[in-house]
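Note sheet for the following structure.
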Amino acid sequence: MNEWPLWEIFIRSQHGLAHKHVGSLHAPDAEMAVKNARDVYTRRNEGVSIWVVRSADIVASAPGDKEALFEPANSKVYRHPTFFPMPDDVKHI
Amino acid sequence: MYAQMVDTGVKTVRAVAEMSPEEQAFQARIDADIKIEPKEWMPDAYRRTLIRQISQHAHSEIVGMLPEGNWITRAPTLKRKAILMAKVQDEGGHGLYLYSAAETLGVSRDQMVADLHAGRAKYSSIFNYPTLTWADIGAIGWLVDGAAIMNQIPLCRCSFGPYARAMVRICKEESFHQRQGYDIMLSLARGTGEQKAMAQDALNRWWWPSLMMFGPSDAESVHSAQSAAWKIKILSNDELRQRFVDQTVPQADYLGITMPDPDLKWNAERGHYDFGAIDWAEFQNVIKGNGPCNRHRLRTRVKAWEDGGWVRDAAMAHAEKQAARAAAKAVA
């Protein structure tokens, strides 16, 4: 058996947003991946643009690294504007 | 349902104290409604059960294209034909979303297809019944897709991320399927006496198989209990079936046709319809491969796969040749 490679599909919706991952599909090459993505993921005008990326080319963080990667941000609450209470009399800030 | 009687491979549902620390942490996440994603640790039995359930669900979508495809060339109008083609294409799409979700668990597409074709994997019992008249296309959309929606809406909240996300997409598209079916039934019910009789005949043949789609009562089933604990089965078969009956009977009343069940009646005390006994011997027989169309369906699938073999190979050979040429050009 000669299974077609797997591709991850990203669609930009009508609303001028970023491309968003919608799923995956098999295709022999990039051109066919775009055509298949059109049929599988945009049958109801879900998009205005398609990206296809070979699944094998995606580099992902490991679930086990979650703490090391994201925990440091937890203690830095001063990165949010709500950390700084403003006097009621100060406007437009 | 689209996945019926899924075996979890477990003998008992174990208490938290009997689990390994990893399993305890896993179960705690599920209990807290945190989705499980493909690369995260999961018990082997959870992985295997999900592969079985999702692939069975996918196979049902794909085999489910056959009874309806049977009527594409004979749809009564161009409009009905275009609608039916769009509906059947959706079913193909649903199968693909689900195969992709299953593949994230480490099983290959070719393996799943091979399991279906060898008879090792199941698909829903409902697709082994024949579509004898145009009214059957109405009955399938109304009843079969109606039953599918009943089952799939709770699965949008299931614990496995890719499966839940596939279900959200599918449910958005499925309600078109149910409405187009009911619309066919409405046209027939408002038509000539002969057309109304066709609608009644289709209901007579599809009602009981539709109720069987939910599977036998699973109140005592260890597999169902385990699947419920893992949140890959949200409501029991009997609960889903009762909801389906309650919602569908008034729709039949509106059409002016009647369910083929003399025991069907409103029970004011329960606030639900009571209905007659289901012939589970028939269901078991269909599951075992002896329904009216089992062999025909599988033969059609295998033939389609084999006939398409040269196309798949040619597309791959073309892609490899193009890639090799591009690489040679880059060196030169």
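The values are calculated or read from the model by the stated rules, or taken from the named source; none is laboratory data. Only a predicted model underlies this, so the values are computations on that prediction, with no experimental measurement involved. When we count neighbours, we look across all protein chains shown, and the Cβ atoms used for this are built from the backbone with ideal geometry, even at glycine.
Please specify each residue of region B:122-131 satisfying the condition of being among the polar types (S, T, N, Q) and outside any loop (DSSP other than H, G, I, E, B). If the condition is that a residue be among the polar types (S, T, N, Q) and outside any loop (DSSP other than H, G, I, E, B), then B:S125, B:N128 are the ones that fit.
Do we find a residue being touching a helix residue (DSSP H, G or I) at 6+ places or on another chain (Cβ under 7 Å), facing another protein chain (nearest Cβ under 10 Å) and of a type in the set (S, T, N, Q) anywhere in region A:20-33?
Pass one, region A:20-33, residues touching a helix residue (DSSP H, G or I) at 6+ places or on another chain (Cβ under 7 Å): A:22-29, A:32.
Next, only the ones that are facing another protein chain (nearest Cβ under 10 Å) stay: A:22-29, A:32.
With the extra rule that they be of a type in the set (S, T, N, Q), the set shrinks to A:24.
Checked against the condition, which is being touching a helix residue (DSSP H, G or I) at 6+ places or on another chain (Cβ under 7 Å), facing another protein chain (nearest Cβ under 10 Å) and of a type in the set (S, T, N, Q), region A:20-33 yields at least one hit.
Going through (1) farther than 17 Å from B:Y97 by Cα; (2) touching a residue at least 12 places away in the same chain (Cβ under 8 Å); (3) polar (S, T, N, Q) one by one, A:N2 falls short only on (2). Of the residues making up region B:70-84, those that are at pLDDT 95 or above and closer than 26 Å to B:A3 by Cβ are B:W71, B:L84.
Got at least one residue in region B:189-204 being modelled with pLDDT under 95 and out of contact with any helix residue (DSSP H, G or I) (no Cβ under 7 Å at 6 or more places or on another chain)? Checking region B:189-204: not a single residue is modelled with pLDDT under 95 and out of contact with any helix residue (DSSP H, G or I) (no Cβ under 7 Å at 6 or more places or on another chain).
Condition check ((1) in a loop (DSSP other than H, G, I, E, B); (2) more than 10 Å from chain B (Cβ to nearest Cβ); (3) out of contact with any Ser or Thr (no Cβ under 6 Å at 6 or more places or on another chain)) across all residues:
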| position | (1), (2), (3) |
| --- | --- |
| A:K35 | no, yes, yes |
| A:V40 | no, no, yes |
| A:S61 | yes, no, yes |
| A:D65 | no, yes, yes |
| A:P72 | no, yes, yes |
| A:T82 | no, yes, yes |
| A:D89 | yes, yes, yes |
| A:I93 | yes, yes, yes |
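Considering each residue of region A:15-32, count those that are under 18 Å from the mean Cα position of the chain (by Cα) and more than 24 Å from B:A164 (Cβ to Cβ), and give that number. I'd like the intermediate steps shown before the answer.
Residues of region A:15-32 that are under 18 Å from the mean Cα position of the chain (by Cα), as a first pass: A:15-25.
From the residues that got through so far, the ones that are more than 24 Å from B:A164 (Cβ to Cβ) too are A:16.
Result for region A:15-32: 1.
Within region B:5-41, restricting attention to residues that are in contact with a Lys or Arg (Cβ under 7 Å, 6 or more places away or on another chain) and in a loop (DSSP other than H, G, I, E, B), the residue that is farthest from B:C158 (Cα to Cα) is B:G9. Among the candidates A:S13, A:S61, the residue that is at pLDDT below 95 and touching a Leu at 6+ places or on another chain (Cβ under 7 Å) is uniquely A:S61.
The set of residues from region B:67-121 being among the small types (G, A, S), in a helix (DSSP H, G or I) and within 12 Å of chain A (Cβ to nearest Cβ) comprises B:A86, B:G92, B:G93, B:G95, B:S100, B:A101, B:A102, B:A114. Here B:A327 passes the criteria (1) of a type in the set (G, A, S); (2) within 14 Å of another protein chain (Cβ to nearest Cβ); (3) within 26 Å of the chain's Cα centre (by Cα) except the one numbered (3).
When region A:1-19 is filtered for residues that are among the aromatic types (F, W, Y) and more than 9 Å from chain B (Cβ to nearest Cβ), the ones remaining, listed by number, are A:W7, A:F10. Taken together, the residues in region B:64-98 that are farther than 22 Å from A:R38 by Cα and not small (G, A, S) amount to 13. Select from region A:42-59 the residues that are closer than 26 Å to B:D110 by Cβ, charged (D, E, K, R) and either within 13 Å of another protein chain (Cβ to nearest Cβ) or surrounded by 13 or more Cβ atoms within 10 Å (Cβ to Cβ) (or both) and list them in ascending order. Selection gives A:R43, A:R54. Given the criterion touching a Phe, Trp or Tyr at 6+ places or on another chain (Cβ under 7 Å) and within 29 Å of A:L25 (Cα to Cα), identify the matching residue among B:R179, B:R109. Result: B:R109 is the single residue among B:R179, B:R109 that is touching a Phe, Trp or Tyr at 6+ places or on another chain (Cβ under 7 Å) and within 29 Å of A:L25 (Cα to Cα).
Quick one: which of B:V286, B:V302, B:V249 is among the β-branched types (V, I, T) and farther than 20 Å from B:S124 by Cα? Spell out the reasoning first.
Details: B:V286 fails: farther than 20 Å from B:S124 by Cα; B:V302 fails: farther than 20 Å from B:S124 by Cα.
So the residue among B:V286, B:V302, B:V249 that is among the β-branched types (V, I, T) and farther than 20 Å from B:S124 by Cα is B:V249.
For B:K321, the conditions (1) surrounded by 15 or more Cβ atoms within 10 Å (Cβ to Cβ); (2) of a type in the set (K, R); (3) within 30 Å of A:E31 (Cβ to Cβ) all hold with the exception of (1). Out of (1) surrounded by fewer than 20 Cβ atoms within 10 Å (Cβ to Cβ); (2) among the aliphatic types (A, V, I, L, M); (3) under 30 Å from B:L143 (Cα atoms), the odd one out for B:A15 is which? B:A15 satisfies every listed condition except (3).
Say whether the condition of being out of contact with any strand residue (DSSP E or B) (no Cβ under 9 Å at 6 or more places or on another chain), surrounded by fewer than 20 Cβ atoms within 10 Å (Cβ to Cβ) and free of Cβ contacts under 8 Å to residues at least 12 places away in the same chain is met by at least one residue in region B:42-64. Looking for residues that are out of contact with any strand residue (DSSP E or B) (no Cβ under 9 Å at 6 or more places or on another chain), surrounded by fewer than 20 Cβ atoms within 10 Å (Cβ to Cβ) and free of Cβ contacts under 8 Å to residues at least 12 places away in the same chain, one finds at least one in region B:42-64, hence yes. Pairing each residue of region B:169-183 that is within 12 Å of chain A (Cβ to nearest Cβ) with any residue that is among the charged types (D, E, K, R) and surrounded by 15 or more Cβ atoms within 10 Å (Cβ to Cβ), provided the two are 6+ apart or on different chains, yields C-beta distances under 7 Å for B:E173/B:D90.
Looking at B:I232, B:I170, can you tell me which residue is crowded, with 21+ Cβ neighbours inside 10 Å and touching a strand residue (DSSP E or B) at 6+ places or on another chain (Cβ under 9 Å)?
Working: B:I170 fails: touching a strand residue (DSSP E or B) at 6+ places or on another chain (Cβ under 9 Å).
Going through B:I232, B:I170 in turn, the sole match is B:I232.
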